[in-house]
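Since the structure comes first, as structure tokens, the remarks are kept for the end.
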Amino acid sequence: MYPFTYTKASDTRQALNAGRRGGRYIAGGTTLVDLMRETVERPEALVDISGLPLREVTVTERGGLRIGALVSMAETAANAKVQATYPVISQALELSASAQLRNMATIGGNIMQRTRCTYFRDVSAACNKREPGSGCAAREGFNRTHAILGASEDCVATHPSDVAVAFAALEATVQLLGPDGRRSIPFADFLLKPGSTPTREQALRKGELITAVEVPAYPRPLQSGYLKVRDRQSYEFALTSAAVALHIRGGVIREAKVAAGGVGTVPWKLPAVERALLGERPSDRLWARAADSAADGARPLTHNRFKIELLKRTVERQLRVVGGLK
Ligand code: SF4
């Protein structure tokens, strides 16, 4: 281990002051502590924010949901409001990690979690995300689990969060508090594709703190759900996944929100699939036709070409499951 300082913030102002001085926020610690043990990350100062009052799930004025950044994954998944209005969020959380991790990990930490690329966690491997300019061992290495969408020459790692896929589909916003005040970012702009700077993963300014994720209101009923395809049925990351939310009234699809996980460097919104569904009547033929564009623009690597077909089938199946519910 190496030396670092630890401060437990007793209020938001204290946390922000420490964050402005370069402290790293920590709450559940389920990602950061692992990475520190492996010396992948070496922060000099930790600021424990677990005591801040960000632990509520509330209904917003417009009828959406506001999930505090420090609500645990398990509490969010079990919350009656979340289950009643956005089952896709509960399902994505319940299919994530292990029960122990879901009890510790927070919503803010979950969307901030770092990639599971094995080369990133192996400090002897070349990795531009860990060591800028060192190269990308995954490009020529074993890249079965890596991205087919949104990658760059410098990095092809997927984003590992499941609930982030649900938030992307539902067009949530991330609420932030920083030295310059409050601001809100659309989820689509919060997580960054690697480009030439794979070390920069979120659109956060120095010292900014995530306070909540807000999910907008949708017309009711909104049928939604999450499907995760993985190598084993527990404690495993997605090869492909699909978050689907549909508002069907009078036998016609009036709203369609769809995103995919396990395939992109960020949760991958599927606007072409959404467009193909709008104004149409549910049918098996429609699900297949809409899902056919799910992998548009994909650029597979040596070992992950299978994800193209798997992604289309994942989306088609989840459209059928959600669209078939009454
Ligand atoms: Fe590192 Fe990204 Fe390459 Fe993985 S894919 S080795 S995280 S640069």
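The values are calculated or read from the model by the stated rules, or taken from the named source; none is laboratory data. Keep in mind the model is a prediction, meaning the values are calculated, not measured. All Cβ positions, glycine included, derive from the backbone under ideal geometry; neighbour counts span all protein chains shown.
Kindly establish whether residue 319 is surrounded by 18 or more Cβ atoms within 10 Å (Cβ to Cβ), over 29 Å from residue 200 (Cα atoms) and in contact with a Phe, Trp or Tyr (Cβ under 8 Å, 6 or more places away or on another chain).
yes
Among the numbered criteria (1) buried (at least 19 other Cβ atoms within 10 Å of the Cβ); (2) in a helix (DSSP H, G or I), which single criterion is violated by residue 177?
All conditions pass for residue 177, except number (2).
Regarding the range 145-158, can at least one residue be identified that is within 16 Å of the ligand (Cβ to nearest atom), surrounded by 16 or more Cβ atoms within 10 Å (Cβ to Cβ) and within 30 Å of residue 18 (Cβ to Cβ)?
For the range 145-158, residues within 16 Å of the ligand (Cβ to nearest atom), surrounded by 16 or more Cβ atoms within 10 Å (Cβ to Cβ) and within 30 Å of residue 18 (Cβ to Cβ): present.
I'd like to check which strands (runs of 3 or more DSSP E) are fully inside the range 201-320 and have at least 2 residues that are among the polar types (S, T, N, Q).
223-229, 240-249
Which of the residues spanning the range 79-101 are of a type in the set (A, V, I, L, M), closer than 19 Å to residue 245 by Cα and surrounded by fewer than 17 Cβ atoms within 10 Å (Cβ to Cβ)?
80, 84
Looking at residue 68, is it closer than 22 Å to residue 175 by Cβ, in contact with a strand residue (DSSP E or B) (Cβ under 6 Å, 6 or more places away or on another chain) and in contact (Cβ under 8 Å) with a residue 60 or more places away in the chain?
Yes, satisfied.
Scan the range 116-140 residue by residue and report those that are more than 6 Å from the ligand (Cβ to nearest atom), without any contact (Cβ under 8 Å) to a residue 40 or more places away in the chain and within 18 Å of residue 160 (Cα to Cα).
118, 122 - these are the residues of the range 116-140 that are more than 6 Å from the ligand (Cβ to nearest atom), without any contact (Cβ under 8 Å) to a residue 40 or more places away in the chain and within 18 Å of residue 160 (Cα to Cα).
Which ones in the range 128-161 are of a type outside the set (D, E, K, R) and closer than 22 Å to residue 204 by Cα?
Scanning the range 128-161 gives 128, 132, 150, 151, 152, 155, 156, 157, 158, 159, 160, 161.
Tell me, which helices (runs of 4 or more DSSP H) wholly within the range 42-156 include 1 or more residues that are within 20 Å of the chain's Cα centre (by Cα) and more than 22 Å from residue 12 (Cα to Cα)?
73-78, 80-85, 87-94, 99-104
Residue 9: more than 25 Å from residue 172 (Cα to Cα) and either outside the structural domain of residue 199 (by TED's automatic domain parsing) or among the β-branched types (Val, Ile, Thr) (or both), yes or no?
For residue 9, the condition - more than 25 Å from residue 172 (Cα to Cα) and either outside the structural domain of residue 199 (by TED's automatic domain parsing) or among the β-branched types (Val, Ile, Thr) (or both) - is met.
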